[in-house]
Structure formats: structure tokens, C-alpha cells
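Peer 1: Dumping the structure here so I can ask a few things about it.
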Ligand code: X5A
Ligand code: ZN
């Protein structure tokens, strides 16, 4: 199943016709450079090209008023002077004789995308459109937007395709207030937006963009605003909001469709956002959403005004939609203090609506809203000197590395009786056993010394790890008789390689003593229901789940808010995912875990499982090959004991792992509930 790409040159055929410093950044080149970059990187060719269409009046009326539509309809016939005049009714937007046509194509493009994803013609896709949509309101153009493309698409998906729940992720750096207003009281659409806010000093300067606008009436809890009160937010700030707010809530919500307001003004170099996230963060944001809704995801371009970082970010997004492994997320620190403050506020504002956030801390003691009011008062004295154009320092950043996908994605090591799943390459032990390796194994694993089968399996495993290390293949799956021995073998092997770091994720109880190291060459995270022992080192972590891994909501929460941040901060070169016999983990959770972990280590994942579990070889292989995991269903509240244990663990580990933090040092009182 492919990835749709929707683009039409027609949408480059309008531009600003007069002088307006606010609007001058919204140029036709935004679209052409993005599309040319997709061609240059060989990505456009790999997508299914889908034509645009004009949204019909009925489509547009799903969100907009008749009066507004009729008004916009007159714009192709207005004189320049009348266009200027017309424009003046609205904020930060311009009209052009051809913009009505383009706005119909932009909304229609979003609908085409929804159609081909919902009918299964493709798995996911992206639409490159102008004008953007998320600021436009029922009866008003705003912020370069004429029709609200994504809001129309969400209504259309509900109406035409019977979609019950839509998640809208707005990673544009501005608040999509138009989307918020549209779905404020609608619990079937969960709207998430992060945005530059600076305590309401940044455009559109709305009180209702703050974290405490959570939705209204039946829709309470279904509007999530994450205000950025400082510029310069980085990759870790974005990822921590995903791990600690968006993903837990999104999994609990369980959308049937994910729409992304894909603005790239949140990337480094953008004159509007002034943030510092690198273009490759969009590979991760995309990847982290790709296992929701069975993979049904539509990204629709919004903002993005730096003509270098915009095309880079678009390519990262599309390449990830196509299934290529994400690049390693380099040097993630913890979130900055201001981001932690926002995180803390959002989590506590939503605590009453989402069981995954029930245990979030209280609002910070130093009330954040006081800051906004104080700033607002100060502003009154300073209104005169707000006009001079500020000079933003030019940012430079390295071009994202080329993402090379090995010709073989998934290799398997399987016992004789087990058939090789479609699309995988079987490693036969004959092609891999070099005598040196075998002898070393004989010394290290006396248990296997006289067992030629066992030795053959272990040497195939080592060969597999080596092929993955040099990126000859992306990932692998091995079915073995003795999982613990196989795990030790790989951990020992990795310890000898110079730059290797292995994240060992163990689902179930480890039987044998694990070759424990605290030198950072491996990080072990195990999930089980064994009575927890005292934590040994920051590199050996046990997540205790009362009912084990069979309990979907507890396990999922542990994966999203503990394992993922740990994994991102550790930045492994290889992920070893071990499925112990009788782990109890159910198929869909297992597939979600396998899918999510592939965001780490450039997708270099090795899965180990025991012979008795060979029934799940097929679905594991499918996840390794990049198929979307099935939905988990709407999650209910995890066991209170599990949540408490998890929160205690997260607290304890925060000193060593900064991406686990969710409260700012000064403001966090630590009084978790
Ligand atoms: C879609 C988008 C930004 C408008 C900024 C106006 N609009 N100052 O990014
Ligand atoms: Zn924007």
C-alpha cells in the first residue's frame, strides 16, 4: 500500500500584489521548492500521484458560512483596489484574482487525500497546497488562509466515510484557531496544536490559544493547546510533548483517521517560528503517528516560510510516510525549562479528561496565567514602539543526511520447519558461519558447545547483527530455542563493537542472569509482573506491571511515556526486542511496540522470539516490513497500581534521563496524585 502525493502547479498561480510586510513571506516558491525537492530526492516518483479537484460549495459549507463563501466568490472579479479593500476586513491575509480557485483546489486536495486513504487506495499521503487553511474561520479569512482545508477534510471524512473519530495534529508553529473554533464542542474530533505563544504576545495573540482552552461542553478535553512561551524550542522539546501528552492521549482516543496540519514554520530557520528543531524531527513526528488509525494518515501543508528548511522538512515527512526508516535523532537533551512549564500546565489541565494523565502533577504553584496578565499590563505602556522591523539572525544547520534504505529490509533466522514470511530474506546458516565466530561462541556458551544447531543459530544471529550494523539490511527476526542465550550472545557481541549501543527491550521475565553492564553499551528495559527488585543502574530498568504485559492500557502507557523517551535519549545503534515465552502480550500491542521502536536506531531492530511463539512470526515480520499496526481500540484507565508504579519509576529515573521529565524544576511541587 502506497503513499499519495497531491500537488498541482495551479496553486502557485497567485501572489501578493501590493506591499505588505506581514504577507510577503507567503510566496508561490514555497510550493515549487518543496515539490522540486521531492523530485530531486526521488521521492515524488515513489508516491502515487493523485490529481487535485475543486472542493464543491457543499464541501466548503461543511465548515464555512454561505455569506462568506459568496463573498469569496466575488474576488476573482474585483479590481486591485477592491481586492485590497476586501482584504482589509480580515487579519494577516491577502486576496488575488486567482486565490478563490486555488483555495478550492487546496481544500479539494485534502478531500482527494482523505478519499484515497479511506478507500484503501493508499495507506497515507501528503498534499502540498496553497493557500493554507488552519487559521480560516467559519466566516473569515485569516493568516494567509481562505478555506480551512483540514477542518473541511475532517467533517467530510465523518460524513462521507463514516469515520467516528478524527485526530488532528497541528504541528505548524501557529495556533490553528480556525480548527479549534470549528471543533471546540465536538468530541469526535480531537484537535492538538502546539504554537509559539510567548504569553499571548505572539500572533494571533488570543487568550484562547493557552493550555486552559480544553474544549467546551461535550467536547471538553478534546482540544489540546501547548503554548510555547519562548522561541528556540528544539527537537527534545517537541519529542517530549509527543511522548508525554499527544501520544498517550491519542492512543487512548483511538482515532480512525489522523489528519496533520503540516506546517513547517516550526522548523529551524523559519522567520515566523524562530524555533530550532531540525528538519529531520519531522521524520520522527510522522513516524510516531503512523501506527495510529491503522496507518491512515493525511498530511496537508500549512505554513513554512524558510525556503531551505521547508523543502527539507517536507522531504523528511514524505520519506517517512513512504516507510523509510527515520534518521537517528542526534543529541537530544532534556526539554528546556519553559517547555517543561508548558508540558506541566497542559498535562494538569487535561488530567480530568484523560486517564493516561490522571496522575499528572497539579498546576505549577507560580501561576503561569499571572505571567500573561502582567505582560499584558506592561504592553499597554509599550504600544508605541512595536512597529520597527526586527532583525532575525540567519540560522545555519547541516543538510539532513541522505536516508539510504538497504535493498533488503527484513532478514529472518528461522528453524527448518518455519516458512519464511513473504518479503523477508532468509539467512541460511551455511552462508554465515565463519570458524572464528563459531569457536568464540563455543567458549562463551558452554551450554551450546556440543550442540551444532544452537551454534549455527547463534552464528547466524551474529551475522544478522553485522549485516544490520553495516546497513546491508534494516532489521531482522530470529526464532530461537533459547531466547536468553541468544540475547546474551548479541549483547556480548555488541559490547565488543566500538560505537555500538544496544537498547534491549524485554517483554516478559528474563530467565537467566542477564549479562548486566552499567557502562552504557546496553540499556535494558524489561516489562513484567515479577516483584520488582531495587533498581540496579540507570542502564538496567524494570517496569513492573501488575497484570503483566497482557494489560493493554498499562503496557501501552509504559511504552509511550517511559520506553520511547528513554529510547530517544539513549539513541541506540541497535534495538534488540526480546519476546519472552508467555509474556502475555497481545498481538496488536506487540505490533505497535515493534512499529514504534523502529523510529530508533535508524530502524535497526532485531526481534528475538522463542520457538513456541512461532505463530506470531507472520505479524512480527509484517511490522518489521513497515506495515501499520492494528489499532488497540479505545483504551480504558490502566490499573491505578500500574500508573503509580510507572510514575514512581519515571520520577526516580528523571535525574538520569531528562526526557522523562514533565515538570519544571521550580514550579514542580512533586505532589503527584
Ligand atoms: C499558515 C500560517 C501564518 C500567518 C502569520 C501571520 N499562517 N502573521 O502559517
Ligand atoms: Zn504557521
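The values are calculated or read from the model by the stated rules, or taken from the named source; none is laboratory data. This structure is a prediction, so every number in the text was calculated from the model and none was measured. Note: ideal-geometry Cβ built from the backbone for every residue, glycine included; neighbour counts use all protein chains shown.
Peer 1: Those residues that are under 25 Å from residue 591 (Cα atoms), touching a helix residue (DSSP H, G or I) at 6+ places or on another chain (Cβ under 6 Å) and at pLDDT 85 or above, I need them from the range 491-524; list them, please.
Peer 2: If the condition is that a residue be under 25 Å from residue 591 (Cα atoms), touching a helix residue (DSSP H, G or I) at 6+ places or on another chain (Cβ under 6 Å) and at pLDDT 85 or above, then 502, 503, 507, 522, 523 are the ones that fit.
Peer 1: Output the residue which, of all residues in the range 304-331 that are within 16 Å of ligand 1 (Cβ to nearest atom) and out of contact with any helix residue (DSSP H, G or I) (no Cβ under 8 Å at 6 or more places or on another chain), is nearest to residue 177 (Cα to Cα).
Peer 2: Out of the qualifying residues, it is 306.
Peer 1: Kindly list the number of the only condition in (1) closer than 27 Å to residue 283 by Cβ; (2) more than 22 Å from the chain's Cα centre (by Cα); (3) within 16 Å of ligand 1 (Cβ to nearest atom) that fails for residue 88.
Peer 2: Among (1) closer than 27 Å to residue 283 by Cβ; (2) more than 22 Å from the chain's Cα centre (by Cα); (3) within 16 Å of ligand 1 (Cβ to nearest atom), the lone unmet condition for residue 88 is (1).
Peer 1: Can you name the number of the only condition in (1) without any contact (Cβ under 8 Å) to a residue 24 or more places away in the chain; (2) within 16 Å of ligand 1 (Cβ to nearest atom) that residue 301 fails?
Peer 2: Condition (1) is where residue 301 drops out.
Peer 1: Would you check which residues across the range 261-276 are assigned to a strand (DSSP E or B) and within 9 Å of ligand 1 (Cβ to nearest atom) and list them?
Peer 2: Initial filter on the range 261-276 (assigned to a strand (DSSP E or B)): 261-262, 267.
261 - this is the single residue of the range 261-276 that is assigned to a strand (DSSP E or B) and within 9 Å of ligand 1 (Cβ to nearest atom).
Peer 1: Whether any residue in the range 624-639 is outside the structural domain of residue 247 (by TED's automatic domain parsing) and part of a strand (DSSP E or B) is what I want to check.
Peer 2: No: the range 624-639 contains no residue that is outside the structural domain of residue 247 (by TED's automatic domain parsing) and part of a strand (DSSP E or B).
Peer 1: Ok, one more. Going by the conditions given, is residue 260 closer than 22 Å to residue 128 by Cβ and either within 16 Å of ligand 2 (Cβ to nearest atom) or touching a helix residue (DSSP H, G or I) at 6+ places or on another chain (Cβ under 6 Å) (or both)? Break it down into steps so the answer makes sense when it comes.
Peer 2: On the way: closer than 22 Å to residue 128 by Cβ: yes; either within 16 Å of ligand 2 (Cβ to nearest atom) or touching a helix residue (DSSP H, G or I) at 6+ places or on another chain (Cβ under 6 Å) (or both): yes.
Judged against the criteria, residue 260 is a match.
Peer 1: What are the residues in the range 187-212 that are under 18 Å from the mean Cα position of the chain (by Cα) and either surrounded by fewer than 22 Cβ atoms within 10 Å (Cβ to Cβ) or within 16 Å of ligand 1 (Cβ to nearest atom) (or both), if any?
Peer 2: 191, 193, 194, 195
Peer 1: Any residue that is buried (at least 22 other Cβ atoms within 10 Å of the Cβ) and either touching a helix residue (DSSP H, G or I) at 6+ places or on another chain (Cβ under 8 Å) or in a strand (DSSP E or B) (or both) - is there at least one of those in the range 86-93?
Peer 2: yes
Peer 1: Oh, and also: Quick one: which residue in 230, 218 is away from ligand 1 (no atom under 16 Å from the Cβ), touching a residue at least 24 places away in the same chain (Cβ under 8 Å) and part of a loop (DSSP other than H, G, I, E, B)?
Peer 2: Working: 218 fails: part of a loop (DSSP other than H, G, I, E, B).
Criteria check complete, one pass: 230.
Peer 1: Additional query: Out of everything in the range 14-39 that is within 16 Å of residue 128 (Cα to Cα) and surrounded by fewer than 15 Cβ atoms within 10 Å (Cβ to Cβ), what residue ends up being nearest to ligand 2 (Cβ to nearest atom)?
Peer 2: Within the range 14-39, the subset within 16 Å of residue 128 (Cα to Cα) is 14, 26-39.
If we keep only those that are surrounded by fewer than 15 Cβ atoms within 10 Å (Cβ to Cβ) too, we end up with 29, 36, 39.
Working: 29: 17, 36: 22, 39: 25 Å.
Across the range 14-39, the extreme among qualifying residues is 29.
Peer 1: Modelled with pLDDT of 95 or more, buried (at least 24 other Cβ atoms within 10 Å of the Cβ) and within 16 Å of ligand 2 (Cβ to nearest atom) - does that describe any residue in the range 213-225? Even if it seems obvious, please write down each step before you answer.
Peer 2: Keep residues of the range 213-225 that are modelled with pLDDT of 95 or more, which gives 213-225.
Still in the list and also buried (at least 24 other Cβ atoms within 10 Å of the Cβ): 222-225.
With the extra rule that they be within 16 Å of ligand 2 (Cβ to nearest atom), the set shrinks to 225.
The answer is yes, given that some residue of the range 213-225 is modelled with pLDDT of 95 or more, buried (at least 24 other Cβ atoms within 10 Å of the Cβ) and within 16 Å of ligand 2 (Cβ to nearest atom).
Peer 1: Among the listed residues 55, 4, identify the single one that is in contact with a helix residue (DSSP H, G or I) (Cβ under 9 Å, 6 or more places away or on another chain) and over 18 Å from residue 104 (Cβ atoms). Steps first, answer last, please.
Peer 2: Working: 55 fails: over 18 Å from residue 104 (Cβ atoms).
Checking each option against the conditions leaves just 4.
Peer 1: Here are some conditions: (1) assigned by TED's automatic domain parsing to the domain that holds residue 462; (2) surrounded by fewer than 18 Cβ atoms within 10 Å (Cβ to Cβ); (3) under 39 Å from the mean Cα position of the chain (by Cα). Residue 424 meets all but one. Which one does it not meet?
Peer 2: Looking at each condition in turn, residue 424 falls short on (2).
Peer 1: What number of residues within the range 605-632 satisfy the criterion of being over 25 Å from residue 472 (Cβ atoms) and within 20 Å of the chain's Cα centre (by Cα)?
Peer 2: So the answer is 5.
Residue-wise test of (1) more than 27 Å from residue 658 (Cα to Cα); (2) in contact with a strand residue (DSSP E or B) (Cβ under 6 Å, 6 or more places away or on another chain).
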position: 198; (1), (2): no, no
position: 203; (1), (2): yes, no
position: 220; (1), (2): yes, no
position: 250; (1), (2): no, yes
position: 262; (1), (2): yes, yes
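Peer 1: On the basis of being under 22 Å from residue 173 (Cβ atoms), in the same structural domain as residue 187 (by TED's automatic domain parsing) and part of a helix (DSSP H, G or I), does residue 58 make the cut? Steps first, please.
Peer 2: Details: under 22 Å from residue 173 (Cβ atoms): no; in the same structural domain as residue 187 (by TED's automatic domain parsing): yes; part of a helix (DSSP H, G or I): yes.
The answer is no for residue 58.
Peer 1: Okay, next question. Kindly establish whether residue 314 is crowded, with 19+ Cβ neighbours inside 10 Å, at pLDDT 95 or above, away from ligand 2 (no atom under 16 Å from the Cβ) and assigned to a helix (DSSP H, G or I).
Peer 2: On the way: crowded, with 19+ Cβ neighbours inside 10 Å: yes; at pLDDT 95 or above: yes; away from ligand 2 (no atom under 16 Å from the Cβ): no; assigned to a helix (DSSP H, G or I): yes.
Against the criterion (crowded, with 19+ Cβ neighbours inside 10 Å, at pLDDT 95 or above, away from ligand 2 (no atom under 16 Å from the Cβ) and assigned to a helix (DSSP H, G or I)), residue 314 does not qualify.
Peer 1: Looking at the range 121-140, can you tell me whether even one residue there is over 23 Å from the mean Cα position of the chain (by Cα), within 16 Å of ligand 1 (Cβ to nearest atom), part of a loop (DSSP other than H, G, I, E, B) and more than 18 Å from residue 186 (Cβ to Cβ)?
Peer 2: yes
Peer 1: Only one residue in 163, 169 is away from ligand 1 (no atom under 11 Å from the Cβ) and assigned to a loop (DSSP other than H, G, I, E, B). Which one?
Peer 2: On the way: 169 fails: assigned to a loop (DSSP other than H, G, I, E, B).
Exactly one of 163, 169 is away from ligand 1 (no atom under 11 Å from the Cβ) and assigned to a loop (DSSP other than H, G, I, E, B), namely 163.
Peer 1: Would you say residue 608 is touching a helix residue (DSSP H, G or I) at 6+ places or on another chain (Cβ under 6 Å) and surrounded by 22 or more Cβ atoms within 10 Å (Cβ to Cβ)? Steps first, please.
Peer 2: Numbers: touching a helix residue (DSSP H, G or I) at 6+ places or on another chain (Cβ under 6 Å): yes; surrounded by 22 or more Cβ atoms within 10 Å (Cβ to Cβ): yes.
Yes.
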